[in-house]
Amino acid sequence: MIVDLPATTTSQVSKALVKIREEGGAVALGRVLTLVIAAVHGAEEEAIEAANDASREHPMRVIVLSRSENPDDEEARLDGQIRVGGDAGASEVVVLRAYGAVGGDEEGLVTSLLLPDAPVVVWWPTAHPENPAKSPLGRIAQRRITDSAAAGSPLESMTMLARNYGPGDTDFAWTRLTLWRAQLAAVLDQPPYEPVTAVSVSGAADSASTSLLAAWLGLQLKVDVALEMSNHSHGSSGIHGVTLERASGDVVLERGQPNVATLSQPNQPTHDISLPRRNLRDCLAEELRRLDPDDLYGEVLTQGIGHMDAIAHDATSSRGK
């Protein structure tokens with residue numbers, strides 16, 4: 001069921017929610033958190049669909065705050081919409097479309113709609129604040145999710161997040177590495193138990209995940225990492241491959257197809273491994289499984305990403321000569 005509330009206020013939206021629960025039996029009992037999605041007009045539906053899918057694992061209230069990219073040219077107005085039942089998965093969705101000066105008070109718009117005594121998670125599916133933890137929405141949240149891959153310049157976005165990191169921050173560029181990190185850890189848990197002497201990571205020039213993977217490997221293995229970034233004309237987007245050098249030979253995990261990677265190891269047959277690119281639903285569901293700070297992400301971001309940016313810059317400069 002979808003209820004439209006044009007030219008409304010947050011108070012009227014809150015009253016409409018209560019009325020819907022009383023008349024239709026849709027209740028907030030069992031909701032484990034409030035997810036606030038900060039989006040721009042026209043980019044809400046993909047995020048709502050991902051949240052609806054993730055809500056089947058994490059029942060929640062979803063508040064979508066949609067703002068214009070050019071609010072100065074608009075008349076101040078707030079349009080509301082409530083979705084429950086089949087239109088909201090296992091959640092209840094409140095969509096607030098703010099126009100003009102109304103969108104300037106982000107915290108005030110969502111505060112009265114938050115579930116009482118429940119954690120708050122904020123997700124910016126497109127552009128994100130320079131400092132998420134100190135932004136109006138970030139201040140009221142336990143977890144803050146960004147997606148640097150959706151930014152105009154993913155690597156610059158990741159560098160900015162590293163400068164302004166606060167406990168509770170995370171980014172989907174990190175979440176997309178879960179399968180890669182699990183596979184590489186599994187390889188190193190098998191004999192021969194030799195130390196890795198060098199690492200090389202390759203990926204697309206605009207892939208923040210590639211830089212994060214290289215930074216993680218450098219910190220965990222305490223070795224130098226060679227980072228090769230190429231434009232799309234020389235390969236697919238995202239991570240292309242990882243090579244771990246050991247005395248007995250190289251371990252190579254390379255993704256030549258969108259969803260399949262090839263694992264090559266000395267004295268072992270070559271294996272094809274399912275390594276799909278993760279969609280928004282999978283990334284969001286994983287991040288909602290933990291509401292405490294991701295200390296490993298914070299360490300990789302703050303201690304490793306700056307070093308990897310320098311390596312990538314040097315590699316790009318050398319190719320241009």
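The values are calculated or read from the model by the stated rules, or taken from the named source; none is laboratory data. These figures come from a predicted structure and were not determined experimentally. When we count neighbours, we look across all protein chains shown, and the Cβ atoms used for this are built from the backbone with ideal geometry, even at glycine. Side chains are part of the model used for accessible areas, which takes the heavy atoms of the whole protein and leaves out ligands, DNA and RNA. Shrake-Rupley method; radii C 1.70, N 1.55, O 1.52, S 1.80 Å.
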Q | Added length on full extension, which subtracts the Cα-Cα distance from 0.36 nm per residue, GLU46 to LYS222 | A | 59.4 nm
**Q.** Near-label residues of segment 102-130 by backbone N, under 19 Å of a point 7 Å along Cα→Cβ of GLU74
**A.** 102-111, 123-129
Q. Considering only THR243, ALA214, ALA198, whose Cα is most displaced toward the positive end of the charge dipole of segment 177-252, charges sitting on Cβ of Lys, Arg (+1) and Asp, Glu (-1)?
A. ALA214
Q. Excluding ARG246 itself, what net charge comes from residues whose Cβ is under 14 Å from its Cβ, given Lys and Arg +1 and Asp and Glu -1?
A. -4
Q. Stretched out fully, how many nm does the piece from GLN303 to LYS19 gain, at 0.36 nm a residue minus the Cα gap?
A. 97.2 nm
Q: Report the full-extension gain for the segment LEU296 to GLU254: residue separation times 0.36 nm, less the Cα-Cα distance, to one decimal in nm.
A: 12.7 nm
Q) What is the dipole size for the chain, taken about its Cα centre, with +1 at each Lys and Arg Cβ and -1 at each Asp and Glu Cβ, in debye to the nearest 20? A) 440 debye
(Q) Give me, ordered by chain and number, the residues 5 or more places off ALA226 or on other chains with an amide H under 5 Å from its own placed amide H. (A) VAL199, SER200, VAL201
Q: Step through the residues of segment 280-297 one at a time and calculate ³J(HN,Hα) from phi using the Karplus curve (6.51 cos²θ - 1.76 cosθ + 1.60, θ = phi - 60°), rounding each to whole Hz and writing x for Gly and Pro.
A: 4, 4, 5, 5, 5, 4, 5, 5, 7, 6, 9, 10, 8, x, 8, 5, 5, 4
**Q.** Karplus (6.51, -1.76, 1.60) ³J(HN,Hα), θ = phi - 60°, over segment 178-190, in Hz, Gly and Pro reported as x
**A.** 4, 5, 5, 5, 5, 5, 5, 5, 5, 5, 6, 7, 9
Q: Please give the helix 154-163 orientation as an angle from the longest Cα principal axis of the chain, in degrees from 0 to 90, rounded to the nearest 10.
A: 80 degrees
Q: Kindly state, to the nearest 0.05, the FRET efficiency for THR197 paired with THR111, given R0 = 45 Å and r defined as their beta-carbon distance.
A: 0.25
Q. For segment 96-170, with only Lys/Arg (+1) and Asp/Glu (-1) charged at the beta-carbon, what is the dipole magnitude about the Cα centre, in debye rounded to 20?
A. 60 debye
**Q.** Where labels lie 7 Å past Cα in the beta-carbon direction, separation of ARG277 and ARG181 in nm
**A.** 2.1 nm
Q: Would you work out which of ILE140, THR159, THR170 lies farthest towards the positive end of the dipole of segment 129-173, given +1 charges on the beta-carbon of Lys and Arg and -1 on that of Asp and Glu, about the Cα centre?
A: ILE140
Q) In sequence order, what are the phi-derived ³J(HN,Hα) couplings for segment 266-279 according to the Karplus relation 6.51 cos²θ - 1.76 cosθ + 1.60 with θ = phi - 60°, rounded to whole Hz, with x for glycine and proline? A) x, 6, 9, x, 6, 10, 9, 10, 5, 9, x, 6, 7, 8
**Q.** Accessible area expressed per residue, segment 247-311, with surrounding protein chains retained (probe 1.4 Å, Å²)
**A.** 52 Å²
Q: Starting from the amide H of VAL36, placed 1.01 Å from N in the peptide plane, find each other amide H under 5 Å away whose residue is 5 or more places distant or on another chain.
A: ILE63, VAL121, VAL122, TRP123
